[in-house]
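Before any comments, here is the structure.
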Amino acid sequence: MQKEVTPKYKEMKVYPDRELLTWEKWIEIRAEETQHLAQKTNRPPADLAMNLLEKLREDKERKIVLEHAQIEKKPTVRGCLWEQPQRLKQSCYCKPVYEVQRTRSEQGRPRVIQHIGVPKIIQETEKGLSGSPERNPCDSLNHEYTKYREKREKDLKDKIEKIDPHRQVSIYIDK
């Protein structure tokens with residue numbers, strides 16, 4: 001007659017995390033708001049003002065890549081930049097020198113772009129972005145900019161591949 005042993009983890013009570021409970025509550029509130037606003041305005045949830053900025057992040061990342069690709073590499077001597085950084089004025093030479101901290105792009109070494117995006121599953125389930133947008137974007141206003149952007153991206157293709165190796169090449173070309 002052996003005594004049956006129950007593991008300790010079965011005896012422990014597990015309580016959900018407070019942040020997860022708050023997140024679930026926020027998701028429920030957002031879903032109710034999107035449904036209510038979609039019904040009131042007779043629009044799909046993807047066209048609501050609160051959901052329009054989900055695709056804006058991709059355009060912003062594309063602009064940053066184009067800006068960083070145009071940065072020229074600056075001359076260096078022994079690993080340091082040839083030009084000295086700007087300094088704050090000193091009233092006396094005995095006081096400490098304060099120099100401006102330069103960013104990587106100011107040093108001529110832009111960083112590799114990290115893409116931040118919300119997965120499609122989360123957009124549909126948690127944020128309520130269901131349905132296709134029915135808005136008609138005005139392409140005539142951005143036509144000249146898109147032509148310029150595509151031309152610059154073709155010219156700077158090699159630099160863009162170094163700065164943004166994780167992005168698909170087909171997005172930049174053949175559009």
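Once you have a ≥ b ≥ c as the square roots of the Cα gyration tensor eigenvalues for the stretch 17-59, tell me rounded if a/c is under 1.5, and otherwise prolate or oblate according to whether a/b is larger than b/c. Walk me through the intermediate numbers first.
Details: a/c = 4.86, a/b = 1.35, b/c = 3.60.
It is oblate, given that a/c is not under 1.5 and a/b is not larger than b/c.
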Helix axis angle, 18-41 relative to the chain longest principal axis, alpha carbon, degrees: 90
Correct option for P(r) over Cα pairs in 10 Å bins from 0, in percent [calculated from the coordinates] among (1) 10, 37, 35, 13, 4, 0; (2) 8, 25, 28, 20, 10, 5, 2, 1, 0; (3) 7, 20, 20, 19, 16, 11, 5, 2, 0, 0: (3)
In sequence order, calculated HN-Hα J values of the stretch 149-164 (Karplus, 6.51, -1.76, 1.60; Hz; x Gly/Pro): 4, 5, 5, 5, 5, 5, 5, 9, 4, 5, 5, 5, 5, 6, 6, 10
Mean-position separation - Cα centroids, the stretch 23-45 and the stretch 104-146, in angstrom: 22
With Cα atoms, 0 to 90° folded angle of helix 56-69 axis to the chain main axis: 20
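Would you mind checking K40/K127; K73/K159; K55/K120; K63/K151; K55/K154; K63/K127 for any pair whose Cα atoms are more than 20 angstrom apart?
Numbers: K40/K127 18 Å; K73/K159 11 Å; K55/K120 11 Å; K63/K151 13 Å; K55/K154 23 Å; K63/K127 26 Å.
Table pairs above 20 Å Cα-Cα are K55/K154; K63/K127.
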Whole-Hz couplings from phi, Karplus 6.51/-1.76/1.60, listed for the stretch 111-121; x for Gly and Pro: 7, 6, 6, 9, 8, 10, x, 9, x, 4, 4
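All of the numbers you see were taken from the coordinates with simple rules; none came from a lab. Here the structure is a predicted model, which means the values were calculated and not measured.
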